[in-house]
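Laboratory data are not the source of any read-out in this text; all were calculated from the coordinates shown. Since we're looking at a predicted model, the values are computed, not measured. Please note: Cβ atoms are built from the backbone with ideal geometry, for glycine as well, and neighbour counts cover all protein chains shown.
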Amino acid sequence: MKLGLGLYGGMLNQEHYRFAKQAGATHIVAHVVGYFQKEGTQSVITDGSLDYGFGISNPDEYAWSYEWLRDTKAAINAEGLEFEAIENFEPAHWYDVLLDGPKRAAQMARLKQLIRDMGRVGIPVMGYNFSLAGVWGRQTVHVARGSAPSVGFHETVETPIPDGMVWNMVYDVERYDPQGRRGTVAPITHDELWNRLGRFLGELLPVAEEAGVKLALHPDDPPLPTLRGTPRLVYAWEMYDRLLQMFPSLHNGMEFCLGTLAEMSRHGEFTDFYEMVEHYAATGRIHYVHFRNVRGTVPNYDEVFVDDGDVDMMKVIKILHKHDFQGVLIPDHTPQMACAAPWHAGKAYALGYMKAAIRALTAEI
Ligand SMILES: [Mn+2]
C-alpha cells in the first residue's frame, strides 16, 4: 500500500511536488482537465453560481501530449516521487463517446493515443468517470468538525443538462445555453449507458493491455440512480461487479472512492460496508483508492474529516492490507481548514492520518 496525493492542473509544479513529499506521499495522481483552476477552491463548488458547471473544456493540447507526459514524469521523479495515474479524461476529448455522437470514432482514436503515450512514458493507471451528468448538485456546507467548509448534497432541484454540456463541463460554447433553451441532453435508459461503457471498454481495453495501463472507473458521485434526467452507472455497491464481469481483465478495474461508496444507499446485495470492501479488495482490481469519509447517504450527506465520518477508515486500511493491496491511497476532497492555506492543511491532515494508519498495521509495538 502506497501513499499518494492528487494534484490539479495548476499545481503540477515543483512547489506542490515538494509539498506532497513533505507530507509523506511517494506518488502523484495528476488531474490534467482544466477544472478548478483557482487554487484553494478545489473542494468546494456551489453549482448554482456557476452557469458553466465545472468550467469550459478547452484543453491545452500540449498538456495531453507525449512530450508533456514525459516531461511531467521527469519533473515528478526529480523530486523523488512517482507519477502513478492521470485522473479523468478531458470532456472535449470524449463528449461524443459519452453521448454516442458523430465524432465518437475520432475521439476514441484520441483516447487510444493517450493510453499508448502513457504506456510509453510509464504512467500505470488511467482513472475515469463514465458519466453524463458528472459530479453535480452539491453545495458548500459547514457541518464538518470546527465548522470547516466542505461539500454536501441535500436533495437538489434537478434541471436537464443543456446541449453543449456533458460531465458538468461545457464542450461547445456556441451551442450552450445555461437555461437549455437550445435543447437538452435526451434521456436514455440505464442499459443504453452500460452499452456505451461496454463499447468504450471493448475498444480501449486491448490498447490499455498492450500499453500496460490499467483503466480505473470512479463510481457516480452523487450516487443516485438518475441525475438531471440521465442514468448513472455505479450508484450501488454491487454495480462494480457488473463492470468487472463485463470484461474480466486486470486492466479493467476500479478507482475505489470510499467517499462515494459510503454515500450509497444500503438497499442492494451487500448490507455491510466492510464486507463490500472485502469483496472488492479480494478481486485485486482496485487500482487506486480515494480516501474520504462522509456522514449520511443519498439523498442527504456531507463530506467530513477522515476520522469523523460514518466509516471506520482504519478498518478499511486493515482490509486492504489483508488483501495485499499494492496500489496508491490518495486523500479525496477534504474539508478546508481555517488558515492561510486551507486546501494544503486539509490534505496534510489526511495524509498524516493515512501514514500513521498504514504504519500502525506493520509496527511492532
Ligand atoms: Mn472520489
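Taking 0.36 nm per residue of separation and subtracting the current Cα-Cα distance, fully stretching the chain between Y62 and A105 would add 13.3 nm. Among the listed pairs K73/K355; K73/K347; K73/K112; K21/K315; K112/K315; K112/K355, those with a Cα-Cα distance over 29 Å are K112/K315; K112/K355.
Using a Gaussian network model of the chain in which every pair of alpha carbons under 10 angstrom is joined by a spring, one finds that among E82, E209, E269 the greatest mean-square fluctuation is at E269.
Cβ crowding within 10 Å, taken as a proxy for footprinting-reagent exposure, orders R285, R242 from fewest neighbours to most as R242, R285. Here's the picture: charge each Lys and Arg Cβ at +1 and each Asp and Glu Cβ at -1 in the range 2-360, and of I188, Y62, T260 the one pushed furthest to the positive end of that dipole is Y62. Altogether, the Stokes-Einstein calculation at 37 °C and 0.692 mPa s, with the Kirkwood radius of the chain over Cα pairs as Rh, returns a diffusion coefficient of 159 µm²/s. For the chain, a Gaussian network of Cα nodes joined below 10 Å ranks I188, I286, I319 by mean-square fluctuation, and the top entry is I188. Taking other Cβ atoms within 10 Å as a rough exposure proxy, H251, H154 sort from fewest to most as H154, H251. In the neighborhood of H279, defined by Cβ-to-Cβ distances under 13 Å, what is the net charge if each Lys or Arg adds +1 and each Asp or Glu adds -1? Counting the neighbours of H279, the net charge comes to -4. The alpha-carbon atoms of the range 162-281 define a convex hull whose volume equals 125 cubic angstrom per residue. Gain on full extension, evaluated as 0.36 nm per residue between N195 and Q22 minus their Cα-Cα distance, stands at 57.9 nm. Along the range 317-333 the Karplus relation, 6.51 cos²θ - 1.76 cosθ + 1.60 evaluated at θ = phi - 60°, assigns HN-Hα couplings of 4, 4, 5, 4, 5, 4, 8, 6, 4, 9, x, 9, 9, 10, x, 8, 4 Hz to successive residues, with x for each Gly and Pro. Stokes-Einstein D for the range 77-211 at 37 °C, 0.692 mPa s, Kirkwood Rh over Cα pairs, in µm²/s? Here the translational diffusion coefficient equals 190 µm²/s. Entry note: the range 276-362 has Rg to Rh equal to 0.99, where both radii use alpha-carbon atoms and Rh is the Kirkwood radius. Each part gets one Cα centre, and for the range 302-337 versus the range 113-173 those centres are 20 Å apart. Along its principal axes, the range 1-157 has C-alpha extents of 47, 44, 27 angstrom, given from the largest down. Between the amide H of C257 and those of H290, distances stay under 5 Å, these residues lying 5 or more places away or on another chain, with hydrogens modeled in the peptide plane. Distant-in-sequence amide contacts of V166, defined by a placed amide H-H separation under 5 Å and a gap of 5 or more residues or a different chain, comprise Y171. About its Cα centre, the range 127-231 has a charge dipole of approximately 300 debye under the convention of +1 per Lys or Arg Cβ and -1 per Asp or Glu Cβ, with nothing else charged. Positive end of the dipole of the range 2-360 (Cβ unit charges, origin at the Cα centre): among A92, G146, L250, the Cα lying farthest that way belongs to L250. Taking label positions 7 Å along the Cα-Cβ direction at both D307 and L361, the computed distance is 1.8 nm, reported to one decimal. Our estimate of slack between T159 and K112, defined as 0.36 nm per intervening residue step minus the Cα-Cα distance, is 13.6 nm. Taking the DSSP bridge list for the range 2-360 and keeping only pairs wholly inside it, about 35 percent are antiparallel.
Among H267, H27, H279, the residue with the largest mean-square fluctuation in a Gaussian network model of the chain, with springs joining Cα atoms closer than 10 Å, is H267. Each Lys and Arg contributes +1 and each Asp and Glu -1, all at the Cβ; summed about the Cα centre of the chain, the dipole is approximately 480 debye. For the range 63-76, putting each phi into the Karplus relation 6.51 cos²θ - 1.76 cosθ + 1.60 with θ = phi - 60° gives couplings of 5, 10, 8, 4, 4, 5, 4, 4, 5, 5, 4, 5, 5, 5 Hz, in residue order, rounded to whole numbers and with x for Gly and Pro.
Between the listed residues Q326, A345, V316, the Cα displaced farthest toward the positive end of the dipole of the range 283-346, a dipole computed from Cβ unit charges relative to the Cα centre, is found at Q326.
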